[in-house]
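K.L.:
First, the structure itself, so that you have it in front of you.
Where a number appears in this text, it was derived from the coordinates with a stated rule and is not lab data. Note that the structure is a prediction, hence the values are computed from the model and not measured. No Cβ is skipped: glycine too gets one built from the backbone with ideal geometry, and neighbour counts run over all protein chains shown.
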Amino acid sequence: MIKRLLALNGVSALCVVLFHSEGWGMVAMLAWADRYGAVPADQIGTFTYYVFRAIEQLIVFCIPAFLFVSGFFIAFVTGRAHKTVSWRIVGIRIRDLIIPYTIWTLVYWTLFFLEARFMDGRTFTPGEYVHMFLTGGTDPAYYYVPMLIQFLLLSPLLVYWAKVSPVSLIVVTGILQLLVQLQYYPSILGLDIPFTNFIPKWLFMTRILWFPLGIVVGFHVKPMQVWLASHKRTFLITALILYPLAIIEWELIQSFSGQIGLQHQETFLDTFFTLAVIFAFLGYYQTKLPYAHTLDDLGSKSFGIYLIHTLAMTYTARLIAVWLPGFLAYQLLFFLVMFVVGLGVPLLLMALVNRSPVRPFYKYIFG
Amino acid sequence: MNKQQILLDYIKQDLLKGRMAKLTADDDLLDSGILNSLGILQLVAFIDERLDIQVPDEDVVYENFHSVAALVAYLDGLA
């Protein structure tokens, strides 16, 4: 089962790239429709739209999966003898995240500066730069890093709790997870209710269940392995049932809210779908995965892929929008181009560094 | 080549990318941050593929993986 965690990271890395490729497809379909003379509302309900929605729903487990694997590792490095994880290990883990995060954030900021200087791009105040760094605001995907760092800072408490009372930890974080998602519903339904939708994406509360769940599973590997294997069919069937239901749920929400192209928020069904997917994936640990070696390889490169893929996609998309706007009308092809760029550019950069004199610095650049 | 050398070479070349050429079998891999979560998972997969030893999940624990020496002692005990 443990070997499956690397493949889970690999699948999640692929899914993150798929998700953002689909996101760009939606941008081409809706926000950029005017660039090729289309009307956004006409694009809703088309075959391409539902392909994108299907992808959007399928990959909803990927960030929780990353957090789950990170939590599992914290349990691993704590060991059996210690009451909780040491601050030394927490510090090292944060260091290993912050260095590559900072490097790629600086790459972005350099591009922002160049755009401001030569292309009427937006300028940012020092305060805005600090805010971007602390909240992952430099790139839409970067919120994950501050979130994970928060979980690592909380890990001495979470690990202690997981050792003393794992069931209560899961129950409490599970309830909190659902409550956090509950507060999103009014805004996604278009209802103006105060004190809702106020929790920012980068705050650990938005994904509070998954890291602690990984810790608990990490401390109970053998019984979890038996339990997951014995219920694997149930988890798989649950995932297959919840998948279309979650798509329908979101379409109903969107229809009720009257908003076109509503940005996806995780709902209750998404939480249960994610649980089912992760548990099914681990439960079937004895079933050989297709392309297992490739998935493991992607898993080992997941953080680097995560940090670089949106950068590559963003600038490719913008170049296409300016130089080849007619191509945006073919959103499925555009989506494929985004996917190839999003996965290919990070892997190419990693391969180049791996063969270069800066190879010893690989970890600091890509994690 | 014995297990210890095989594992040291793999960690130094593939996981550390030549960053710690002087890594020894007694160096702490985990407390010092030499290996992270993904590195441990890759090491388990490598042991399975290259040494043809399947490490049971319940044995993938800090105590067996905190150094190459500890890992070799564990793997020898498995055999």
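K.L.:
Residues of B:50-60, mean number of Cβ from any other protein chain within 10 Å of their own Cβ, rounded to a whole number?
P.N.:
Working: counts 0, 0, 0, 0, 1, 2, 5, 9, 7, 3, 7.
Partner Cβ neighbours, averaged per residue: 3.
K.L.:
Going by C-beta contacts inside 10 Å, put A:160, B:62 in order with the fewest on the left. The partial results should precede the final answer.
P.N.:
Details: A:160 16, B:62 19.
Fewest to most other Cβ atoms nearby, the residues stand as A:160, B:62.
K.L.:
How big is the Rg/Rh ratio for the stretch B:21-79, C-alpha atoms only, Rh by Kirkwood, two decimals? Mind showing how you got there, number by number?
P.N.:
On the way: Rg = 10.9 Å, Rh = 11.7 Å.
Ratio of gyration radius to Kirkwood radius for the stretch B:21-79: 0.93.
K.L.:
Mind jotting down the distance between the C-alpha centroids of the stretch A:108-128 and the stretch A:12-54, whole Å?
P.N.:
After rounding, the separation between the Cα centres reads 28 Å.
K.L.:
From the phi of every residue in the stretch B:36-46, what ³J(HN,Hα) in whole Hz does the Karplus formula 6.51 cos²θ - 1.76 cosθ + 1.60 yield, where θ is phi - 60° and glycine or proline is x?
P.N.:
9, 4, 5, x, 4, 5, 5, 5, 4, 5, 5
K.L.:
Would you please give the FRET efficiency between residue A:193 and residue A:329, computed as 1/(1 + (r/R0)^6) with r the Cβ-Cβ distance and R0 = 51 Å, to the nearest 0.05? Intermediate values should be presented prior to the final figure.
P.N.:
Working: r = 39 Å, r/R0 = 0.76.
Efficiency, from the Cβ-Cβ distance: 0.85.
K.L.:
Cα extents of the protein assembly as shown along the three principal axes, largest first, in whole Å?
P.N.:
Over the protein assembly as shown, Cα extents along the principal axes are 69, 49, 43 Å.
K.L.:
Straight-line reach from residue B:22: which lysines fall under 20 Å, measuring Cα to Cα and dropping same-chain residues less than 8 apart?
P.N.:
Within the straight-line cut-off, residue B:22 pairs with A:363, B:3, B:12.
K.L.:
Which whole-Hz couplings ³J(HN,Hα) result when phi for each residue of the stretch A:17-30 is put into the Karplus expression 6.51 cos²θ - 1.76 cosθ + 1.60, θ = phi - 60°, listed in order with x for Gly and Pro?
P.N.:
5, 4, 4, 6, 5, 5, x, 5, x, 5, 4, 4, 6, 10
K.L.:
Right, next: By counting other Cβ atoms within 10 Å of each Cβ, how are A:20, A:264 ranked from fewest to most?
P.N.:
Working: A:20 22, A:264 19.
Listing A:20, A:264 from fewest to most nearby Cβ atoms yields A:264, A:20.
K.L.:
Would you mind calculating the relative contact order of the stretch B:3-78 from Cα pairs under 8 angstrom and at least 6 residues apart, reporting the percent as a whole number? Please list the in-between numbers first.
P.N.:
Details: 58 pairs, mean separation 28.1, N = 76.
Answer for the stretch B:3-78 is 37 percent.
K.L.:
Where a Cα-Cα gap under 26 Å defines reach, which lysines qualify for residue A:201, not counting those fewer than 8 residues away within the same chain?
P.N.:
Candidates past the 8-residue exclusion: A:301.
K.L.:
Next up: Per-residue HN-Hα couplings for the stretch A:130-138, Karplus 6.51 cos²θ - 1.76 cosθ + 1.60 at θ = phi - 60°, whole Hz, x for Gly and Pro?
P.N.:
Karplus values, whole Hz, x for Gly and Pro: 4, 4, 4, 5, 6, 10, x, x, 4.
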